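The values are calculated or read from the model by the stated rules, or taken from the named source; none is laboratory data. From a predicted model like this one, the values you see are computed outputs, not experimental measurements. Reconstructed Cβ throughout: ideal geometry from the backbone, glycine too, with neighbour counts over all protein chains shown. In case anyone asks, the SASA skips ligands and DNA or RNA and just uses the protein heavy atoms, side chains included. Shrake-Rupley method; radii C 1.70, N 1.55, O 1.52, S 1.80 Å.
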Amino acid sequence: GVGMGMTAPVSITAFPAEDGSFQQKVKVSLRIPSQFQDSPPCPTDESIKIEERQGMTIYSTQFGGYAKEVDYVSYAAKLKAALGSDAAYHKDSYLCNGYDPPMKPYGRRNEVWFVKE
């Protein structure tokens, strides 16, 4: 019953299939605003969980525009190629982040993150 407003980034955990596309399983994460961090409201929908994201080191790439799955897959492939075979990161999933509200037409920011092992 508490309104918190939208936060950024909206983070989608993608679990890539063999061909690089998203599997049907994705996890969408929203940041809880600072004023609710110490005591977040309890979700009334049992499919919503509150998780604490631990600190992490990431490899990242950024791009603009209205991001779609094909864009995230493409930039994940570019990041993978740029890192080469020596970089140690989790290969079973990566994070797709969008920072802008839908009504912002220009200067949009999106990122793909690989979490370092």
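General observations
- Residue in the range 99-109 that is surrounded by 10 or more Cβ atoms within 10 Å (Cβ to Cβ), of a type outside the set (S, T, N, Q) and in a strand (DSSP E or B) present: no
- Residue in the range 74-91 that is in contact with a helix residue (DSSP H, G or I) (Cβ under 7 Å, 6 or more places away or on another chain), outside any loop (DSSP other than H, G, I, E, B), in contact (Cβ under 8 Å) with a residue 24 or more places away in the chain and aliphatic (A, V, I, L, M) present: no
- Residue 93 closer than 18 Å to residue 10 by Cα, surrounded by 10 or more Cβ atoms within 10 Å (Cβ to Cβ), touching a Ser or Thr at 6+ places or on another chain (Cβ under 6 Å) and not aromatic (Phe, Trp, Tyr): yes
- Test: residue 53 is in contact (Cβ under 8 Å) with a residue 12 or more places away in the chain and open to solvent by 100 Å² or more (accessible area, probe 1.4 Å): yes
Here is a yes/no grid of residues against (1) modelled with pLDDT of 95 or more; (2) out of contact with any strand residue (DSSP E or B) (no Cβ under 6 Å at 6 or more places or on another chain); (3) β-branched (Val, Ile, Thr):
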{"site": "70", "(1), (2), (3)": "no, yes, yes"}
{"site": "74", "(1), (2), (3)": "yes, yes, no"}
{"site": "78", "(1), (2), (3)": "yes, yes, no"}
{"site": "81", "(1), (2), (3)": "yes, yes, no"}
{"site": "86", "(1), (2), (3)": "no, yes, no"}
{"site": "91", "(1), (2), (3)": "no, yes, no"}
{"site": "95", "(1), (2), (3)": "yes, no, no"}
{"site": "103", "(1), (2), (3)": "no, yes, no"}
{"site": "111", "(1), (2), (3)": "yes, no, no"}
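- Checklist (1) more than 19 Å from residue 108 (Cβ to Cβ); (2) at pLDDT 90 or above; (3) in contact with a Gly (Cβ under 8 Å, 6 or more places away or on another chain) applied to residue 41, failing item: (2)
- For residue 32, the requirement of being of a type in the set (A, V, I, L, M), surrounded by 11 or more Cβ atoms within 10 Å (Cβ to Cβ) and either in a loop (DSSP other than H, G, I, E, B) or at positive phi (or both) is met.
- Pick from the range 1-48, criterion hydroxyl-bearing (Ser, Thr, Tyr) and in contact with a Phe, Trp or Tyr (Cβ under 9 Å, 6 or more places away or on another chain), ranking: farthest from residue 80 (Cα to Cα): 11
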